[in-house]
Amino acid sequence: MSLASRAVSPIPEETRRVAQAAFPRPSRFMQMRDQLGTLYDDAAFGVLYPQRGQPAETPWRLAVVTVMQFADGLTDRQAADAVRSRIDWKYALGLELTDTGFHYSVLSKFRTRLVTGEAEQILLDALLTRFQACGLLKAGGRARTDSTHVVAAIRALNRLECVGETLRAALNDLAIVAPEWLRHQVTAEWFERYGLRIEESRLPKGEAQRYA
C-alpha cells in the first residue's frame, strides 16, 4: 500500500445537516470534530508507507478511528461497522452518508504499521499539541506519556473476539457431528449466546423447540 496524500476534507453538507438534526445536542465525537478539528493529517504518517503501490486508506482517518475505537472500547469489526453506520462517526471523519467505509482488517494493518515503524507516539503527540493549543491542557498537570496502551488495549479486544469466534465455530461443528453429546455438555443459554443450531432431525422428540 502506498500513501497518496490527500487534503483533509470538510464535513459534507448533507452529513452535517442530517447529523445536526439527529443530534440536537452533539455527540462527543461531533464535538471533537467541531472543537479540535481532524487532529491528524496524512503527512504525519508518510514514513510508514512506500512511495509505490495501491493507494492505502486515508491514514488520518484511520488514526481518528483508532482513537474513537479506544474511547468506545470497540473491536476492529465493531469500529468498522460504526464507520459504516453511525452518523456521528461519519460527521467526525468528514464522510458522505453513503460512504461504505472499509474492511475491519484495515485497522489491524494500520496498527501494525504504527508498531513496526515505532510511530505510536504520533497518536498522542498530535492530541497533546491540539489540547494545548485549545487551552485544554496546562503545564504542571498529569498526562499519560505514551500511546502504547491505546494500541495494546485494542489488540486485546480483538484477540478476545477471535477467541470467541473460534469457540463459536468449534461448538457449531460439534452441534452437527455430535449433537447428542453437546446437548448434555452445555446449557440452553450457550445456544443463544453463540448462535448454535442443532439439526432437528437429530434431536429427541420434543427437544427441537428448546434449541430453535
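The values are calculated or read from the model by the stated rules, or taken from the named source; none is laboratory data. Predicted model, so just to flag it, every value in this text is computed and none were measured. Quick reminder, even Gly has a Cβ in these numbers, built from the backbone with ideal geometry, and neighbours come from all protein chains shown.
At-a-glance table
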read-out	value
Top-ranked residue in region 23-82 [being of a type in the set (Gly, Ala, Ser) and on the phi > 0 side of the Ramachandran plot; ranked as modelled with the lowest pLDDT]	53
Filtered residues of region 95-112 (kept if part of a loop (DSSP other than H, G, I, E, B) and either loosely packed, with under 14 Cβ neighbours inside 10 Å or among the acidic types (Asp, Glu) (or both))	96, 97, 98, 99, 100, 103
Counted residues, region 69-127 - those being out of contact with any helix residue (DSSP H, G or I) (no Cβ under 8 Å at 6 or more places or on another chain) and among the acidic types (Asp, Glu)	3
Condition check for residue 115: of a type in the set (A, V, I, L, M), part of a helix (DSSP H, G or I), at pLDDT 80 or above and exposed (fewer than 15 other Cβ atoms within 10 Å of the Cβ)	yes
